[in-house]
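Read through the structure below, which is laid out as structure tokens, and then see the notes.
The values are calculated or read from the model by the stated rules, or taken from the named source; none is laboratory data. Since the model is a prediction, treat every value here as computed from it, not as a measurement. Neighbour counts are summed over all protein chains in view; Cβ atoms, including those assigned to glycine, are modelled from backbone coordinates with ideal geometry.
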Amino acid sequence: MSAPAASGGTPIEGKDQLVAYMDQGSKPPANWRIGTEHEKFVYALSDYRPLPYEGETGIRAMLEGLVEFGWTPVVENGNIIALSRPEGDSVTLEPGGQLELSGKLVQSIHETCTEVHQHLHETKQVAARIGAGMVGMGFIPKWKRDEIPWMPKGRYQVMKRYMPTVGTMGLDMMLRTCTVQVNLDYESEADMVRKMRVSIALQPLATALFANSPFTEGKPNGYLSYRSHVWTDTDPDRTGMLGFVFEDGFGFERWVDYLLNVPMYFVYRDGKYHDVAGKSFKDFLAGRLEGFEGQIPHMGDWTDHMTTSFPEVRLKRFIEMRGADGGPWGRLCALPALWVGLLYDSQALNEAEALIRDWSVAEMGALRDAVPKLALNAPHKGRLARDWALDMLKISRDGLKRRAMLSRKGSDEQHYLDELFEIAESGITPAERLLEAYHGRWKGEINPVYDECHY
């Protein structure tokens, strides 16, 4: 959602081009890579308030400070809105000033963790200099929606106007949530289908393991993953259980059809976002988009449009796992480890398919609906989510063992799952640990969450 717009490229003359574009994402296993993204809330040490864009303790100052570490500014209308490096990694801004690292494409979780720690080293130095801190949670624990400053990015102004017309929580999603996600490759259309189905079915279990957003505006909100709950009333055209993925015949073309039915947000031309929210990309393809009559889209318009659907598993020319709350640094390595273990080992993928073989779409939807409040205690097919999560983790651990990707110290990737095993075996989520502290040693005060959970 946060990447700069990418208009331009080859004109699109028909749907076949869009299907072919998806197929071009197919890669042999030797070329599969791991791309991890994570967001965090940045706040003023003086009063825990989210940072405005301007000012000595502001997001612009944070980005300008990071330039010293070799990042190149990306500027929109005179404002730094992102940073990039030639290796392909970037730092971008979410609407409420959440700072996101989109990592390089790497081969192992070891490399992901090295990258995460380097980013922590850089951001902590800059944050300390400007009087800021950073915290990883799924939902901002203290502040009201109207207390969150908006970042100066054109696409966010379009979304700000449109979101309240289609749901009650879209602005909360934009301003008050943080996630960690991983992007993974597929070998072929058939491999994509298998991975999409496994990922969608198991995504609620990842949500439960990473549940870390039990507070809203300084008080417990009745949820363990309030971030996950927010997505249930953001925009029904862009979210929800993708039942069609489990239908016979699903493939790249069916995904393109789905995206063509997702309403547009904007058209980016000459450095400006033109608001076409709610209008049809099909009309754009046919040259009859209102305000752009006689014009057809380019591939850059399509890649922009692909970022405006928000399911918890999203297909581009790779597969995005988007179901987890943000959290502390250790769990930023655990999330990619979980999915790499499941999807990048052929035996593990077979076992994951066997695990979900008799799950109906309705049962998957019911599990997803139960997890925001109940997390690991959500019921599913006569067992608890906790039990299924342990099964999933064991499959992933064995997959990582068979991958045998060794660090310089000779260890493989299995240990990155240790914290997730501890959560599943105890049945106690990170959110429940926070609630215990809130009702105990914090004595009903919310500020200690910043002091104890900061990076």
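Under the condition of being hydrophobic (A, V, I, L, M, F, W, C), touching a Gly at 6+ places or on another chain (Cβ under 9 Å) and not in a helix (DSSP H, G or I), the residues counted in the stretch 225-242 number 1.
Here is a check on your reading of the model: is Val262 under 30 Å from Ser108 (Cβ atoms) and among the β-branched types (Val, Ile, Thr)? Explain how you work it out, then say what you get.
Details: under 30 Å from Ser108 (Cβ atoms): no; among the β-branched types (Val, Ile, Thr): yes.
For Val262, the condition - under 30 Å from Ser108 (Cβ atoms) and among the β-branched types (Val, Ile, Thr) - is not met.
Give me the pairs: first residue in the stretch 438-455 and free of Cβ contacts under 8 Å to residues at least 12 places away in the same chain, second residue buried (at least 17 other Cβ atoms within 10 Å of the Cβ) and of a type in the set (Val, Ile, Thr), beta-carbon distance under 8 Å, and six or more apart or on different chains, which are they? Hits for this filter: Trp442/Val449.
Exactly one residue out of Arg408, Arg441, Arg402, Arg397 is of a type in the set (Lys, Arg) and crowded, with 18+ Cβ neighbours inside 10 Å: that is Arg397.
Residue check: is Ala82 assigned to a strand (DSSP E or B), within 30 Å of Lys144 (Cα to Cα), of a type outside the set (Asp, Glu) and at pLDDT 95 or above? In short, yes.
Just to verify a result, which residue in the stretch 59-81, among those that are among the acidic types (Asp, Glu) and closer than 20 Å to Leu120 by Cβ, is surrounded by the most Cβ atoms within 10 Å (Cβ to Cβ)? Break it down into steps so the answer makes sense when it comes.
Going residue by residue through the stretch 59-81, those that are among the acidic types (Asp, Glu) are 64, 68, 76.
In the following step, the residues that additionally are closer than 20 Å to Leu120 by Cβ were identified as 64, 68.
On the way: Glu64: 16, Glu68: 10.
Applying the filter and picking the extreme gives Glu64.
Please go through the stretch 293-313 and give me each residue that is surrounded by 18 or more Cβ atoms within 10 Å (Cβ to Cβ), touching a strand residue (DSSP E or B) at 6+ places or on another chain (Cβ under 7 Å) and not β-branched (Val, Ile, Thr), ordered by number. Listed by number, the residues that qualify are Asp301, Asp304, Glu312. Screening Leu390 on (1) over 30 Å from Met134 (Cα atoms); (2) in contact with a His (Cβ under 9 Å, 6 or more places away or on another chain); (3) assigned to a helix (DSSP H, G or I) shows it passes everything except condition (2). With respect to (1) farther than 19 Å from Glu452 by Cα; (2) surrounded by fewer than 20 Cβ atoms within 10 Å (Cβ to Cβ), the lone exception for Gly131 is condition (1). Total residues in the stretch 33-69 satisfying the condition of being farther than 23 Å from Met173 by Cα, part of a loop (DSSP other than H, G, I, E, B) and in contact with a helix residue (DSSP H, G or I) (Cβ under 9 Å, 6 or more places away or on another chain): the figure is 4.
Just to verify a result, which residue in the stretch 2-49, among those that are under 21 Å from Glu253 (Cβ atoms) and of a type in the set (D, E, K, R), is modelled with the lowest pLDDT?
Let us first name the residues in the stretch 2-49 that are under 21 Å from Glu253 (Cβ atoms), namely 9-27.
Narrowing further to those that are of a type in the set (D, E, K, R): 13, 15-16, 23, 27.
Working: Glu13: 92, Lys15: 96, Asp16: 97, Asp23: 98, Lys27: 98.
Across the stretch 2-49, the extreme among qualifying residues is Glu13.
Within the stretch 202-214, is there a residue that is touching a helix residue (DSSP H, G or I) at 6+ places or on another chain (Cβ under 9 Å), over 24 Å from Leu384 (Cβ atoms) and part of a helix (DSSP H, G or I)? Within the stretch 202-214, none of the residues are touching a helix residue (DSSP H, G or I) at 6+ places or on another chain (Cβ under 9 Å), over 24 Å from Leu384 (Cβ atoms) and part of a helix (DSSP H, G or I). The condition of being of a type in the set (Asp, Glu), without any contact (Cβ under 8 Å) to a residue 40 or more places away in the chain and touching a helix residue (DSSP H, G or I) at 6+ places or on another chain (Cβ under 7 Å) does not hold for Glu87.
A quick yes/no check of all residues on (1) surrounded by 20 or more Cβ atoms within 10 Å (Cβ to Cβ); (2) under 30 Å from Gly444 (Cβ atoms):
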| site | (1), (2) |
| --- | --- |
| Cys113 | yes, no |
| Trp150 | no, no |
| Arg155 | yes, no |
| Thr168 | no, yes |
| Gln181 | yes, no |
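Conditions (1) surrounded by fewer than 16 Cβ atoms within 10 Å (Cβ to Cβ); (2) out of contact with any Asp or Glu (no Cβ under 9 Å at 6 or more places or on another chain); (3) modelled with pLDDT of 95 or more; (4) on the phi < 0 side of the Ramachandran plot, marked per residue:
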position	(1), (2), (3), (4)
Leu224	no, no, yes, yes
Thr239	no, no, yes, yes
Phe244	yes, no, yes, yes
Leu260	no, yes, yes, yes
Gly271	yes, no, no, no
